[in-house]
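The structure appears right after this line, and notes come after that.
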Amino acid sequence: MSEAERHISDSGASGGAAAPWTVARLVQGMEARGDAPAILKVGEGRVTPWSYRGLADTVRRLAAGLREAGLEPGQPAAIYAPNAPDWIAVALGLNAAGALVVPVDDLAGQERARSIIADSGAKWIFPTRAHLATLRPMPGAKTFRFSLLDAPGEPVAGASSWRRLVAAAPAVIPDLRPGQPACLFYTAGTTGPPKAFGLPHANIGANVRALAAEGLVAPGDRALIPLPLHHAYPYIVGMLTSLETGMAIVLPQGVTGPHIAEALHAARVTVVIGVPRLYEALLGGVEARIAARGRMFKRLFSSLLALCVRSQRRLGLPVGPWLLGPIRRRIAPELRLLISGGARLEADLSWTLETLGWQALAGYGLAETASVFTGNLPRRKRLGSAGTPLADGQVRIARPDETGVGEIELRGSSVTPGYRDPEANRAAFTEDGWFRTGDLGYLDEDGFLFVTGRASEVIVLGGGKKVNPEDLEKTYAANPVIGEIAVLERGGQLVGLVRPNPERLREIGTLNVEHAVRVALAEVGQGLPAYESIAGFAIATHRLTR
């Protein structure tokens, strides 16, 4: 047995006498839920449901058809399409047949999509018609078997609908080994070339079961998942955990404000599984509704909200949900829980969301840890933190500085056994088996994790001082004149790329943009250490790329 297999075997056994989580057991649970909705697709003025029984039957029959068509256990199969009920059915059917699912970003460029498919070794490809033209010119494409996710009718250019693979009779899904890889993910590649790593059933099951055991959600809840399913977070926390717990997965028609608003109302959403930017937009929708009623009403609301936040944050008096309930219900009538991952959910935003009456629970994890690794829970939470480890997870801070900040290292049964590239493994794991995240953070006295930034993004100035640009950007952007700012280093000093806030410039009636920005930067800099002052800046006329 290899070291990777031994790690997974131990992980699968860590849950005591409980049988390991597999897709076979997931499908059994789905069948027991009968006609309850498993998926609610919102769009074109209607809500289209898929029942649990119907989805489970499709998964079983697809698994049977795939095996009859020659798909072998462990064989990689790529899905290259946007979110849809068909995407979910195919992913589950592939796993039920023992395949290795390779999710590909629907918005990936031609070069990246081809690279992932070639590197994965996938010969079974489930694309859309639009992506089929991208893949056909690939070397070796004649050996691919294409099954389209958006072609319910006649074959298109020799590729037929995935539904033609669905057998007449359902298959008995075998209980796959916990150590058998279920999915092959690729890192985003923002800090280097994308790296491939597998997540076995045991890794995924560790998180699915840990989340389900917390009792945050229940059958009958309806979870909005606007994030693309090719990411580990929406795939595992959104799709698999929702189905494990009996929730209905709500898929909006798109990710624009109107599409999200339509889904919140039409599907009576109770839970959102999203990222901080989505919740900023949700709060922005509240503020836009208020602003539409006039400047006086906007000022009154801002004052009332600030008072409610202070009452709840400092005195523990939750008056906001009662006073602001009518506004909250106009945005999302039944929404109660916001689950946040993918980036840091700032404490101020968390308190504002909670004051409005939504419970905001933030967590932390990476695709390599089967998504969520730490989380805030109703019984144990600290707003502004990433929570505490779930299940058997452990966190330690390596090489902390004088403030306690160091690299976050993780160990537990949800951590991948490793990358395909041995060199990447040597860099990612310590000699004693901890996973190096590349993120910086600290643990408080109660064991709550606070994430402060990326180790690779820390700026070291001429005098040896270290600056986290992300935190500093938020500090400077708090000035109303500054719409966005990117903090950079030049010649041992900090400089900024600034996009001014045009609305604020109009309010103060200035025509000299550079002077207004210079004054704003100086005002903020007065309250900071000298080395965190911006020594120079340039004006940006378009939104900054992050």
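The values are calculated or read from the model by the stated rules, or taken from the named source; none is laboratory data. No experiment lies behind these values; they were computed from the predicted model shown. Heads up, the Cβs are rebuilt from the backbone with ideal geometry, glycines too, and the neighbour counts pull from every protein chain shown. Calculation scope for accessible area: heavy atoms of the full protein, side chains included, ligands and nucleic acids excluded. Shrake-Rupley method; radii C 1.70, N 1.55, O 1.52, S 1.80 Å.
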Just checking, does region 112-130 include any residue being in a loop (DSSP other than H, G, I, E, B), closer than 27 Å to R420 by Cβ and among the acidic types (D, E)?
no
The condition of being open to solvent by less than 60 Å² (accessible area, probe 1.4 Å), in contact (Cβ under 8 Å) with a residue 12 or more places away in the chain and under 20 Å from the mean Cα position of the chain (by Cα) holds, among G357, G404, G375, only for G375
Of all residues being of a type in the set (S, T, N, Q) and either within 14 Å of I39 (Cβ to Cβ) or in a helix (DSSP H, G or I) (or both) in region 56-109, which is farthest from the chain's Cα centre (by Cα)? Just the residue, please.
T58
Kindly indicate which of L349, L307 is under 21 Å from the mean Cα position of the chain (by Cα), of a type outside the set (D, E, K, R) and part of a helix (DSSP H, G or I).
L349
Subset of region 224-236 [open to solvent by 10 Å² or more (accessible area, probe 1.4 Å) and within 19 Å of T416 (Cβ to Cβ)]:
H230, H231, Y233
Would you say D150 is in contact with a helix residue (DSSP H, G or I) (Cβ under 8 Å, 6 or more places away or on another chain) and in a loop (DSSP other than H, G, I, E, B)?
yes
Taking region 407-440 and keeping only residues that are part of a loop (DSSP other than H, G, I, E, B), under 20 Å from the mean Cα position of the chain (by Cα) and either more than 20 Å from F185 (Cβ to Cβ) or β-branched (V, I, T) (or both), one is left with V415, T416
Scan region 254-274 and give yes if some residue there is of a type outside the set (A, V, I, L, M, F, W, C), crowded, with 17+ Cβ neighbours inside 10 Å and over 15 Å from K41 (Cβ atoms), otherwise no.
yes
Taking region 384-401 and keeping only residues that are more than 18 Å from the chain's Cα centre (by Cα) and either part of a loop (DSSP other than H, G, I, E, B) or not polar (S, T, N, Q) (or both), one is left with A391, D392, G393, V395, R396, I397, A398, R399, P400, D401
Hey, among R329, R336, R313, R289, which residue is farther than 22 Å from G257 by Cα, open to solvent by 60 Å² or more (accessible area, probe 1.4 Å) and either of a type in the set (K, R) or at pLDDT 90 or above (or both)?
R313
Take G418 and decide whether it is in contact (Cβ under 8 Å) with a residue 24 or more places away in the chain and open to solvent by 30 Å² or more (accessible area, probe 1.4 Å).
no
Residue ranges of helices (runs of 4 or more DSSP H) in region 454-546 with at least 3 members among the hydrophobic types (A, V, I, L, M, F, W, C) and open to solvent by 20 Å² or more (accessible area, probe 1.4 Å)
513-525
If we ask which residues in region 231-260 are touching a helix residue (DSSP H, G or I) at 6+ places or on another chain (Cβ under 7 Å) and farther than 13 Å from I273 by Cα, their number turns out to be 5
Pull out all pairs, ordered by first then second residue, where Cβ-Cβ is under 9 Å, the residues are six or more apart or on different chains, the first lies in region 120-145 and is under 16 Å from P82 (Cβ atoms) and basic (K, R), and the second is open to solvent by 30 Å² or more (accessible area, probe 1.4 Å) and in a loop (DSSP other than H, G, I, E, B).
R129/D150; R129/A157
Checking the conditions here, which among R112, R46, R53 is open to solvent by 40 Å² or more (accessible area, probe 1.4 Å), farther than 19 Å from L149 by Cα and within 23 Å of the chain's Cα centre (by Cα)?
R112
Answer yes or no as to whether E214 is closer than 21 Å to G412 by Cβ and either of a type outside the set (S, T, Y) or open to solvent by 20 Å² or more (accessible area, probe 1.4 Å) (or both).
yes
